[in-house]
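Every read-out reported here was derived from the displayed coordinates using simple, explicitly stated rules and does not represent laboratory data. The shown structure was predicted, so the numbers you read here are calculated from the model rather than taken from an experiment. Note that we place each Cβ from the backbone using ideal geometry, even for glycine, and neighbour counts take in every protein chain shown.
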Amino acid sequence: MEQPTTVTITGAGGQIGYALLFRIAAGEMLGPDRPVRLRLLEIPQGLTAAEGAALELQDCAFPLLDGVEITDDPVTGFDGANIAMLVGARPRGPGMERADLLAANAGIFGPQGAAIAAAAASDVRVVVVGNPANTNALIAAASAQGVPADRFSALTRLDHNRAVGQLAEMLDARADEIERMVIWGNHSATQFADVSSAAFRDVPVIDALAERLGGATEAVAWLDDTFLPRVAKRGAEIIEVRGSSSVASAANAALEHVRDEQRGTPWTSAAVVSRGEYGVPEGLVCSFPVTSDGSGYRVLEGIDLDERGRALFDRSVAELVSERDTVRALGVL
Ligand code: NAD
Ligand code: LMR
């Protein structure tokens with residue numbers, strides 16, 4: 001058995017936290033050989049819910065679970081953290097404008113970034129789930145003096161999985177038969193779910209869709225009119241149907257994001273800090289096709305985007321730029 005890995009989860013008393021904790025403790029994220037020590041970071045109002053989850057974790061008697069600590073102090077919460085999953089965020093309230101939401105979240109992710117810099121392990125890796133995830137990650141990275149920016153990422157794996165789920169249904173396929181899906185841009189309705197590299201049983205997805213739908217024109221129409229808006233607006237669809245935002249699918253995506261970053265994957269989508277790849281301004285936290293050899297996500301370069309795809313990607317990058325500028329105007333960056 002290896003030394004325990006310390007995993008800090010913020011907002012651990014919330015819905016996604018509850019869907020995440022037990023799967024991590026069971027070894028689904030880091031594998032059957034890596035014991036985990038869980039740190040649950042909450043605000044005072046969320047502490048009792050986190051304490052309840054901790055009681056249940058104890059009652060599961062997971063062999064890999066080395067301990068659970070609960071706190072509302074960020075420095076204590078991130079002390080020695082190897083992995084930080086930033087789930088807790090301020091939801092949009094009545095009458096709140098986007099700038100208000102960004103300001104409220106800057107008040108959370110700025111101090112948390114600073115606490116990560118002060119207390120986390122030197123190998124810490126951070127994924128932001130709480131919305132607006134990309135810009136919250138940008139704020140946390142900018143506030144974590146001394147921690148390399150490439151340790152920070154934001155979740156677009158849920159969008160990636162949603163896209164694969166839609167394609168698998170249309171092609172009557174298993175999800176693992178769809179490869180090389182790409183989500184570009186922001187985790188928002190401006191994202192671009194790009195199938196142009198994707199394959200189904202080694203056949204380009206676009207050709208498989210044409211075969212299924214009776215022609216290339218029909219395939220393009222389905223992609224434009226049904227697939228793209230469905231994936232981009234799936235979060236809103238879930239809120240409308242369930243009455244609250246996605247929970248189990250979000251927790252699953254967060255777990256897969258960390259699992260693949262830590263254990264390796266040839267290809268997935270994640271929002272990472274741009275180094276100027278694909279012309280995206282440096283420093284923005286943007287979704288790209290990525291790979292990992294187990295030592296962190298790296299952008300897969302050289303993927304062709306046609307003119308229309310490029311325009312869709314640019315629209316989402318423009319939204320990220322505007323979020324960054326709003327946060328800058330607030331004096332946060
Ligand atoms: P929730 O309201 O059930 O739980 C959030 C928890 O965070 C609460 O327990 C709250 O007390 C806690 N919290 C708030 N501020 C905190 C802080 N400063 N420090 C620590 N904890 C804090 O919400 P949820 O359903 O678990 O969703 C959490 C977030 O994830 C939301 O922002 C939601 O929009 C987002 N989300 C993101 C994705 C994605 O794909 N990126 C998908 C689904 C949901
Ligand atoms: C989701 O994608 O399900 C979440 O980000 C919630 C939302 O507001 O869309």
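Structural remarks
- Dipole magnitude (debye, nearest 20) for the chain, charges at Cβ of Lys, Arg, Asp, Glu: 480
- Taken over segment 157-325, the alpha-carbon convex hull comes to 121 cubic angstrom per residue.
- P(r) histogram, all alpha-carbon pairs of the chain included - 10 Å bins from 0, percent: 6, 27, 34, 23, 9, 1
- Gained length - ASP150 relative to SER244, 0.36 nm times residue gap less alpha-carbon distance: 30.7 nm
- SER196 versus GLU169: modelled label distance in nm, points set 7 Å from Cα along the beta carbon direction: 2.6
- Exposed loop sites, defined as GluC sites (Glu not before Pro) outside DSSP H, G, I, E and B with at most 16 other Cβ atoms within 10 Å, are absent from the longest region of the chain, namely 98-281.
- Contact order relative to length of the chain, as percent, for alpha carbon pairs under 8 angstrom and 6 or more apart: 16
- The average projected area of segment 5-154, computed from the convex hull of its Cα atoms over all directions, is 8.3 nm².
- Model label zone, ASP306; criterion: amide N under 13 Å from point 7 Å along Cα-to-beta-carbon; scope segment 204-248: 205-207, 210, 216-224
- Loop-located trypsin sites (Lys or Arg not before Pro) in segment 261-333 whose Cβ has at most 15 other Cβ within 10 Å (DSSP): ARG275
- Cα gyration tensor shape for segment 228-300, rounded if a/c is under 1.5, else prolate or oblate: oblate
- Whole-angstrom gap from segment 1-63 to segment 95-169, using each part's C-alpha centre: 19
- Pairwise FRET efficiency - ALA318 versus THR76, Cβ, R0 = 45 Å, nearest 0.05: 0.70
- Of SER292, PHE227, HIS187, farthest towards positive along the dipole that unit charges on Lys, Arg, Asp, Glu beta carbons give the chain: HIS187
- The Rg/Rh ratio of segment 104-172, with both radii computed over alpha carbons and Rh defined as the Kirkwood radius, is 1.16.
- Calculated FRET efficiency, GLN3 to ALA26, Cβ-Cβ distance, R0 = 25 Å: about 0.85 to the nearest 0.05.
- For segment 108-117, 3J(HN,Hα) per residue [Karplus equation, 6.51 cos²θ - 1.76 cosθ + 1.60, θ = phi - 60°, Hz, x = Gly/Pro]: 9, 7, x, x, 5, x, 5, 5, 4, 4
- Each DSSP beta bridge with both residues in the chain is either parallel or antiparallel, and the antiparallel ones are about 45%.
- Its convex hull of Cα atoms gives segment 136-226 a direction-averaged projected area, equal to a quarter of the hull surface, of 6.7 nm².
- Amide H contacts of ALA12 (H built 1.01 Å from N, under 5 Å, at least 5 apart or other chain): LEU41
- The amide H of VAL290, built 1.01 Å from its N in the peptide plane, has THR268, SER269, ALA270, LEU300 as neighbours under 5 Å, considering only residues 5 or more places off or on other chains.
- Selection of trypsin sites (Lys or Arg not before Pro), segment 140-200, meeting DSSP coil and at most 11 other Cβ within 10 Å: ARG174
- FRET efficiency for ARG328 and ILE43, using Cβ-Cβ distance with R0 set to 22 Å, rounded to 0.05: 0.25
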